[in-house]
Amino acid sequence: MDGGGRFSQPLNAAGTSGGGGFLAGLRLPRILRRFSSARRLRPAVPIEARVPRLAGTALVAGLAGTVALAGFVMSGRYDGFVAENGRPLDILARLAGFGVERVTITGLSRMYEREVLSTAGIDWRSSVPFLDVDAVRERLLAEKLIASASVRKLYPNEIVINQVEREPAALWQQNGEIQVIAADGKVIDDLRDERYVNLPLVVGAGANERLKEYLDLIEAAGPLGSRIRAGTYVSGRRWTLKLDGVDIRLPETDPAEALARLVRLERESRILEKDIIAVDLRMADRVVVRLTEEAAAARAESRKKPKKGTAT
């Protein structure tokens, strides 16, 4: 180095160590020397040796399978397959011997076994291991006629359902639809067949909530109670009873007393056997009777005829 702080010879000039140059005379730190030595000693392994054989083929096949499955699902064909054969897991379980072969149902009263199974969503496509008993129970409780239910699995092939049904008390007709109601007036089923046709029938808005009043009127009618076919709740105030085709119009207050009067009239004069279509008991001091059209016409005609001995 000269007096100005510069090297007096080129950086690549031979040094005292024997011709390696300036940089050759520098010593690397030990850790770097080890790293450099390790990299030089590690043999070069071809990529073909590091990748498992057939890995590329498997990857391509997996991607193709994924795409095919996604297309199968999105096309809607998967849903059709499940609807026809069941879920894949259920299919595997059935093949292993865990299909649902028997369902024991207790507590059946008004419902049919097929209705319970349909509501529960259990059929030949189901399997015991993959049946969600909580979901089945929720579906059963969604049925208006079922008050409570429990579901158990019995391996390998059985499901046990214990249910308690609400007790139907009457039929309720409103806006042309007839539904089954419990004693508290709550709707528990639709009238779908002849199972409930012998139940008492109430008609009109609010009639379901006044069911107890109607049943009390049937009891108050005594010997006529069995002949009452329906009760219509009129304007939210009073009842009109349908008795063997005759309308019995009751008052708002003390309808039981009005029925007692009707019982006396029927016993004394057989009023309900005459050609009438309505008996109005809404006035306490009189009974108004409406004749059939034929009886009314005959009565009018008889009034037109002159009496014997009268000049014409």
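With a 10 Å radius around each residue's Cβ, average the other Cβ atoms per peptide and rank 148-155, 228-235, highest first.
Result, highest mean first: 228-235, 148-155.
Would you mind putting 217-226, 246-255, 266-275 in packing order, based on average other-beta-carbon counts within 10 Å, highest first? Walk me through the numbers on the way to the answer.
Numbers: 217-226: 15.4, 246-255: 17.0, 266-275: 12.7.
Highest to lowest by the protection proxy: 246-255, 217-226, 266-275.
Could you order the peptides 126-133, 80-87, 112-119 from most to least packed, using the average number of other C-beta atoms within 10 Å per residue? Intermediate values should be presented prior to the final figure.
Working: 126-133: 17.5, 80-87: 12.8, 112-119: 14.6.
Listed from highest to lowest mean packing, they are 126-133, 112-119, 80-87.
Can you list the residues, at least 5 places off or on another chain, whose amide H is less than 5 Å from the amide H of Leu131, using H built in the peptide plane?
The answer is none.
Rounded to the nearest whole Å², what accessible area per residue is found for the range 154-225 with the 1.4 Å probe? Spell out each step's value before the answer.
Details: 3700 Å² over 72 residues.
Normalised by residue count, the accessible surface of the range 154-225 is 51 Å².
Kirkwood hydrodynamic radius, computed over distinct alpha-carbon pairs, for the range 69-211: how many Å, to one decimal?
On the way: mean 1/r = 0.0576 Å⁻¹.
For the range 69-211, the Kirkwood estimate is 17.4 Å.
Work out, in µm²/s and without decimals, the Stokes-Einstein translational diffusion coefficient of the range 140-219 at 20 °C, 1.002 mPa s, Rh from Kirkwood over C-alpha pairs.
152
List the residues whose amide H sits under 5 Å from the amide H of Ile277, counting only those 5 or more places along or on another chain, with H placed 1.01 Å from N in the peptide plane.
Amide H neighbours of Ile277: Arg290, Leu291, Thr292.
The values are calculated or read from the model by the stated rules, or taken from the named source; none is laboratory data. Computed from a predicted structure; not experimentally measured. Neighbour counts are summed over all protein chains in view; Cβ atoms, including those assigned to glycine, are modelled from backbone coordinates with ideal geometry. Surface areas here come from the heavy atoms of the whole protein model, side chains and all, with no ligands, DNA or RNA. Shrake-Rupley method; radii C 1.70, N 1.55, O 1.52, S 1.80 Å.
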